[in-house]
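Let me begin by presenting the structure, written as structure tokens, before commenting on it.
The values are calculated or read from the model by the stated rules, or taken from the named source; none is laboratory data. Computed from a prediction, not measured in an experiment: that's the story for all the values here. For neighbour counting, all protein chains shown are included, and Cβ atoms are generated from backbone atoms with ideal geometry for every residue, glycine included. Each accessible area value is taken on the protein alone, full model and side chains, heavy atoms only, with ligands, DNA and RNA left out. Shrake-Rupley method; radii C 1.70, N 1.55, O 1.52, S 1.80 Å.
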Amino acid sequence: MAEKHAPIAVLCSGGDSSGMNAATRAVVRTAIYHNVEIFGVAQGFAGLIAGEITPLVARSVSNTISRGGTFLRTARCQEFLQAEGRAKAAEQLRSRGIKGLITLGGDGTYRGAHCLAQEHPDLNVIGAPCTIDNDVNGTDATIGYDTAVNVAMEAVDKIRDTAASHDRLFIVEVMGRNAGHIALEVAIASGAEEVLVPEVVEDLDAISERLANGRRNGKTSSIVIVAEGETQGNVHQLAKLLEERTSYEVRVSILGYIQRGGSPTASDRVLASRLGAAAVELVLDGESDVSVGMENDRVTVHPLPFAWEVKKAIDPERLRVLHMLAV
Ligand code: F6P
């Protein structure tokens, strides 16, 4: 009989994203399928340092695939930035005989996981990309991105109703930290006129001119999507500028945290299920310091630093399409 593999633990870290529960469920059930004990860590690396580690069974994750947020709970942890904090965390795992650690989170989580893997090579540390921002390289989409885009798109659809009723221009700020992926996707999906993302320095004169032109050509309302990490001034300054330069009455709406909640889309649930399963199988294969991703519908594996060392680019073709369709 094959030797039983050492137990594995799973944690969620950083900002929650819809689909974290689906990924946790996949990790738990895949481990059980392979006859491996599985533990859940509460509140990310902080819970790991504090030893908040409990066994999970198949029923622990019943009815979680459709739930937003994370039942394990998450946190951002300062102590884990220090080697001493990570040594405590490693000891908590060792003292329970746990060898594998699957970290569900974004690039901040991956940086912590990478340090842990480097400093404690007896552990198998794997990352699976969970963040709404989609700013993790080595995967076409992160778990939670599609849901956030859909939540934001539905909100913009509602804003469009009131914008059209009042002949107004709306500036809608979406999340994404320093990346514009959510903004660009939402802009196309909601038929917005313009988008501002941190990756591209836009000519504000040209934007104002296009919006004013649109109005002259019969548009009665317009939508401008702005990524929160946009660097050309904040949305209120932009509103003032556009009000001066177009004849629109301008309003601002900051969507905020609603983008992190809600039941995951089918696409996020399937991605989470496939990547969660793949992460467990990487631990069983003895891998460490790597992340799983989905590229061209195939599971791919990259060293953890690949996630942040190469910045995931904005697709210029999407920008072109947005502008072509905004006439
Ligand atoms: O990384 C996900 C994210 O929602 C970003 O889009 C946003 O900038 C940040 O987290 C907000 O972080 P916090 O939850 O710490 O306020």
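On the basis of being in a helix (DSSP H, G or I) and either closer than 20 Å to Gly233 by Cα or touching a residue at least 24 places away in the same chain (Cβ under 8 Å) (or both), does Ile126 make the cut? No; evaluated as a whole, the condition is false for this residue. Filtering segment 7-25 down to residues that are open to solvent by 10 Å² or more (accessible area, probe 1.4 Å) and out of contact with any strand residue (DSSP E or B) (no Cβ under 7 Å at 6 or more places or on another chain), which residue is farthest from the ligand (Cβ to nearest atom)? For segment 7-25, the residue satisfying everything is Arg25. If you go through segment 27-39 and keep only what is open to solvent by 10 Å² or more (accessible area, probe 1.4 Å), in a helix (DSSP H, G or I) and not basic (Lys, Arg), you end up with Thr30, Ile32, Tyr33.
Of the residues Gly112, Gly69, Gly51, Gly97, the single one that is modelled with pLDDT of 95 or more and either of a type in the set (Ser, Thr, Tyr) or touching an Asp or Glu at 6+ places or on another chain (Cβ under 8 Å) (or both) is Gly69. Could you look through segment 40-65, keep only residues that are open to solvent by less than 20 Å² (accessible area, probe 1.4 Å), among the small types (Gly, Ala, Ser) and in a helix (DSSP H, G or I), and pick out the one that is farthest from Asp107 (Cα to Cα)? Here the answer is Gly47.
Inspection of segment 262-285 identifies at least one residue that is at pLDDT 95 or above, of a type in the set (D, E, K, R), closer than 28 Å to Ala192 by Cβ and open to solvent by 40 Å² or more (accessible area, probe 1.4 Å). Restricting attention to segment 114-139 and to residues that are within 16 Å of the ligand (Cβ to nearest atom) and open to solvent by less than 10 Å² (accessible area, probe 1.4 Å), the residue that is nearest to the chain's Cα centre (by Cα) turns out to be Ile132. For segment 165-199, taking the residues that are open to solvent by 10 Å² or more (accessible area, probe 1.4 Å) and aliphatic (A, V, I, L, M), the one that is farthest from Ile223 (Cα to Cα) is identified as Met175.
Taking the condition of being assigned to a helix (DSSP H, G or I), within 17 Å of Tyr248 (Cβ to Cβ) and basic (Lys, Arg), how many residues in segment 156-198 meet it?
Number satisfying all stated conditions: 1.
Here the condition is being under 25 Å from Tyr33 (Cα atoms), more than 18 Å from the chain's Cα centre (by Cα) and of a type in the set (Lys, Arg); of Arg298, Arg251, Arg269, it holds for Arg298 alone.
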